[in-house]
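Please read the structure below before turning to the comments.
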Ligand SMILES: C[S@@+](CC[C@H](N)C(=O)[O-])C[C@H]1O[C@@H](n2cnc3c(N)ncnc32)[C@H](O)[C@@H]1O
């Protein structure tokens, strides 16, 4: 096994495609979370880090135009079969004009970026006031380097928080390679978003669902441990942000 983390998701493109092909997590958990959090009707939407494009058809039902944004050329070529895709490297969105987008979505991408602050600033720049940012990501409880399940003497599975309070990285297995995740405590994440002009509307925390636990029996006992974080923010009007004296 090569232990250095991948530099591009193209290095694990085949593995990722086979993972998502029969992944119960998407239908069981990600889709219902998106159903709950995505606005009903918008004009322009961006799917940031769209991978092989599995979200694009779903977004196209909510948006007049849904465009994927993807760094990895191979994945981008697969995604193009499902909708328009721009090859670009996040978190910069220099190629998008200010205030032109109604909805930005990022599913399982934010903790892959080393600069979440710029992600929030850039999405807040391109999304117009009143527009939305929807993020689904590994729950920060899960992403510290040394966080892990521990089993007590009675066989109950508990969670070791590890270095939760510090930002840091952890390299997690992905097929035969590893992927680098960037851990930020929830407070850091939410504060960076607020400072960029994002107003929190809904935050949902869920554990792994029964389908995923059945597919990966190693997760048994973790059904009460937070695993997915889903958030919807609204772009405030920068001329009149919340908290401004009337
Ligand atoms: C875990 S996959 C999720 C794909 C898709 N959002 C989904 O849920 O099926 C992460 C994706 O983000 C892309 N990605 C990671 N870092 C990126 C970056 N800096 N710029 C653009 N895309 C990036 C990867 O190439 C990969 O396709």
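Modelled label positions at residue 195 and residue 64, each set 7 Å beyond Cα in the direction of Cβ, lie 3.6 nm from each other. If the segment from residue 145 to residue 237 were pulled out straight at 0.36 nm per residue, it would be longer than the present Cα-Cα gap by 29.4 nm.
In the calculated pair distance distribution of region 14-96, what percentage of Cα-Cα distances lie above 17 Å?
Summing the P(r) of region 14-96 above 17 Å gives 49 percent of all pairs.
Between the beta carbons of residue 203 and residue 224, assuming R0 = 22 Å, the FRET efficiency works out to 0.75 to the nearest 0.05.
Taking the Cα centre of each part, how many Å lie between region 188-230 and region 8-24? Region 188-230 and region 8-24 have Cα centres spaced 21 Å from each other. Note on region 91-167: percent of Cα-Cα distances in each 10 Å bin, starting at 0 and stopping at the bin with the largest distance, equals 17, 35, 23, 16, 7, 2. In the chain, the longest principal axis of the Cα atoms and the axis of helix 116-126 are about 30 degrees apart. Ranked by how many other Cβ atoms sit within 10 Å of their own Cβ, fewest first, the residues 50, 199 fall in the order 199, 50.
Per-residue extension of 0.36 nm, minus the Cα-Cα distance of residue 81 and residue 180, leaves a gain of 32.8 nm for this segment.
What shape does region 50-114 have by the C-alpha gyration tensor, where a ≥ b ≥ c are the square roots of the eigenvalues, rounded means a/c under 1.5, and otherwise prolate means a/b greater than b/c and oblate the rest? Rounded shape, in that the Cα axes give a/c under 1.5. The calculated FRET efficiency for the pair residue 92 and residue 10, based on their C-beta separation and a Förster distance of 22 Å, comes to about 0.70. Does region 1-150 come out rounded, prolate or oblate by the C-alpha gyration tensor, with a ≥ b ≥ c the root eigenvalues, rounded set by a/c under 1.5 and, if not, prolate when a/b is larger than b/c and oblate if not? Judged from the Cα gyration tensor, region 1-150 comes out rounded (a/c under 1.5). Rounding to the nearest 10 and keeping the result within 0 to 90°, find how far the Cα-based axis of helix 186-195 lies from the longest principal axis of the chain. So the helix axis and the longest Cα principal axis differ by about 10 degrees.
Given the -39500 (n - 2.57) contribution per DSSP H run of 4+ residues, what per-residue ellipticity at 222 nm results for the chain, rounded to the nearest 500 deg cm²/dmol?
Numbers: 7 runs with 55 residues, N = 246.
Rounded to the nearest 500, the figure is -6000 deg cm²/dmol.
Just so you know, all these numbers are worked out from the coordinates, no wet-lab data involved. This structure is a prediction, so every number in the text was calculated from the model and none was measured. Positions of Cβ are generated from backbone atoms using ideal geometry, with glycine treated the same way; all protein chains shown enter the neighbour counts.
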